[in-house]
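The values are calculated or read from the model by the stated rules, or taken from the named source; none is laboratory data. None of these values were measured; they are calculated from a predicted model. Backbone-built Cβ (ideal geometry, glycine too); neighbour counts: all protein chains shown.
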Amino acid sequence: MCSKRVRFCIPTSPVVSADAHTTHDADTIQAPDDVNNPTTVPDDANAELVDSAADSIMESEPVWIQTPRLYTCDKDDIQDPGRWLCDRVINAAQHFLRLQHPDAAGLCDTVTVGSNVANAQWSSETVQVMFDSGKHHWFTVSSIGCSDATVDIYDSMQSIPSDKCLKGISRYVRVAGDAINIRVLNVAKQTGTSDCGLFAIAFATALLNQQDPVNVVFRQDQMRDHLQSCFEVQRIAPFPVSCQRTVRRRCARQISVKLYCLCKTAYVNGEEMIMCNVCRQWYHPECVDIEAVEYIKLREDRSLKYTCLKCAGQ
């Protein structure tokens with residue numbers, strides 16, 4: 001390939017296929033529109049994280065829980081039905097769950113997961129709360145009961161993650177194949193918009209206690225008081241439920257997300273990528289040791305062709 005437009009345009013689509021019964025957000029599954037502007041640099045990963053309230057806490061802020069450190073403002077967030085939970089509260093809950101379930105995988109700090117530096121071993125018993133910065137939403141991912149290259153999402157809004165969040169999931173899971181299967185399970189939905197963090201903790205707690213979140217309806221009106229009590233006794237107990245339920249369709253939505261490059265991650269609109277002229281596989285320049293100056297030359301000179309190391313016989 002010698003054409004700049006072809007060589008540096010984005011991959012065909014971040015999603016291979018979708019369940020026929022599912023309607024998805026257009027920005028989640030459609031191929032990027034602007035193939036003539038391939039060099040847009042994505043936002044810095046750290047800018048996509050939940051704002052860590054720890055940076056803004058005054059030294060005089062009263063401490064509520066010593067270990068892990070929570071402040072009275074965190075207690076206020078839990079008590080106020082109109083407030084979202086910050087990453088510090090979510091991570092405190094995961095801290096206690098790790099202590100209670102030492103054999104479980106996952107439960108990593110949500111900031112390290114969001115910035116793609118978490119180093120967890122994905123296994124058949126993985127549970128992880130994640131934050132979708134594109135939708136400002138907490139949810140839980142898990143491998144429990146999943147086949148290889150499949151991830152279950154427990155989301156109190158039953159939404160498909162944003163493309164940036166899908167990339168984070170693919171980087172965290174690190175499957176060996178060319179696609180990852182994402183299943184959004186048919187859990188009972190929340191009411192309102194501020195309790196997604198509570199539901200994410202409730203889902204994780206249920207999974208670790210061998211309960212199926214799909215088959216229960218949580219008492220949303222009791223979740224905040226319950227979480228506060230759990231922190232005060234330093235143990236996360238299963239959240240109160242109003243009833244059990246049986247669903248005909250366990251999976252509400254399902255997509256297969258294509259993975260690219262040596263890093264085997266999903267594509268994000270605007271990422272710089274280059275296609276090998278021989279195998280036609282897409283790579284991030286930094287993943288194949290192409291420096292910025294060389295990348296610019298390849299982008300600007302249509303006569304130049306890129307061949308990956310594998311195809312070059314190295």
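Return the residue satisfying two criteria in turn: it lies in region 110-119 and is crowded, with 17+ Cβ neighbours inside 10 Å and either at pLDDT 85 or above or among the hydrophobic types (A, V, I, L, M, F, W, C) (or both), and of such residues it is nearest to G168 (Cα to Cα).
To start, the set of residues in region 110-119 that are crowded, with 17+ Cβ neighbours inside 10 Å comprises 110-111, 113-114, 118.
This time we only want the ones that are either at pLDDT 85 or above or among the hydrophobic types (A, V, I, L, M, F, W, C) (or both), so: 110-111, 113, 118.
Numbers: T110: 11, V111: 11, V113: 7, A118: 10 Å.
The qualifying residue nearest to G168 (Cα to Cα) is V113.
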Q: Working only within region 251-297, note down all residues that are in a helix (DSSP H, G or I) and closer than 29 Å to S142 by Cα.
A: C287
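Here is a check on your reading of the model: is D178 more than 24 Å from A93 (Cβ to Cβ) and crowded, with 23+ Cβ neighbours inside 10 Å? Give the derivation first.
Details: more than 24 Å from A93 (Cβ to Cβ): yes; crowded, with 23+ Cβ neighbours inside 10 Å: no.
Criteria not met by D178.
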Q. (1) over 20 Å from V268 (Cα atoms); (2) crowded, with 18+ Cβ neighbours inside 10 Å; (3) more than 11 Å from the chain's Cα centre (by Cα); (4) modelled with pLDDT of 95 or more: which one isn't true of S194, the others all being true?
A. (2)
Q | Unmet requirement for S256, which otherwise passes all of (1) within 23 Å of V175 (Cβ to Cβ); (2) out of contact with any Ser or Thr (no Cβ under 6 Å at 6 or more places or on another chain); (3) not acidic (D, E) | A | (2)
Q) Could you list, in sequence order, the residues of region 169-213 that are under 22 Å from D225 (Cβ atoms) and among the β-branched types (V, I, T)? A) V187, T191, T193, I201, T205
Q.
Given (1) more than 24 Å from K167 (Cα to Cα); (2) surrounded by 15 or more Cβ atoms within 10 Å (Cβ to Cβ), identify the lone condition not met by C311.
A. (2)
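Of all residues in region 251-267, count the ones that are of a type outside the set (F, W, Y) and farther than 24 Å from D212 by Cβ. First the steps, then the outcome.
From region 251-267, those of a type outside the set (F, W, Y) are 251-259, 261-266; that's our starting set.
Applying the additional criterion that residues be farther than 24 Å from D212 by Cβ yields 257-259, 261-266.
Final tally of qualifying residues: 9.
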Q: Test G106 against the stated conditions and say whether it is out of contact with any strand residue (DSSP E or B) (no Cβ under 6 Å at 6 or more places or on another chain), on the phi > 0 side of the Ramachandran plot and not hydroxyl-bearing (S, T, Y).
A: no
Q: Could you check, for region 235-250, whether at least one of its residues is modelled with pLDDT under 95, surrounded by 13 or more Cβ atoms within 10 Å (Cβ to Cβ), in a loop (DSSP other than H, G, I, E, B) and small (G, A, S)?
A: no
Q.
Can you pull out every residue in region 213-237 that is over 16 Å from P81 (Cα atoms) and either touching a residue at least 40 places away in the same chain (Cβ under 8 Å) or touching a strand residue (DSSP E or B) at 6+ places or on another chain (Cβ under 9 Å) (or both)?
A. P213, V214, N215, V216, V217, C230, F231, E232, Q234, R235, I236
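Identify, from the list I57, I90, the residue that is modelled with pLDDT of 90 or more and closer than 21 Å to Q228 by Cα. Give the steps one after another, and end with the answer.
Working: I57 fails: modelled with pLDDT of 90 or more.
After ruling out the rest, the residue left standing is I90.
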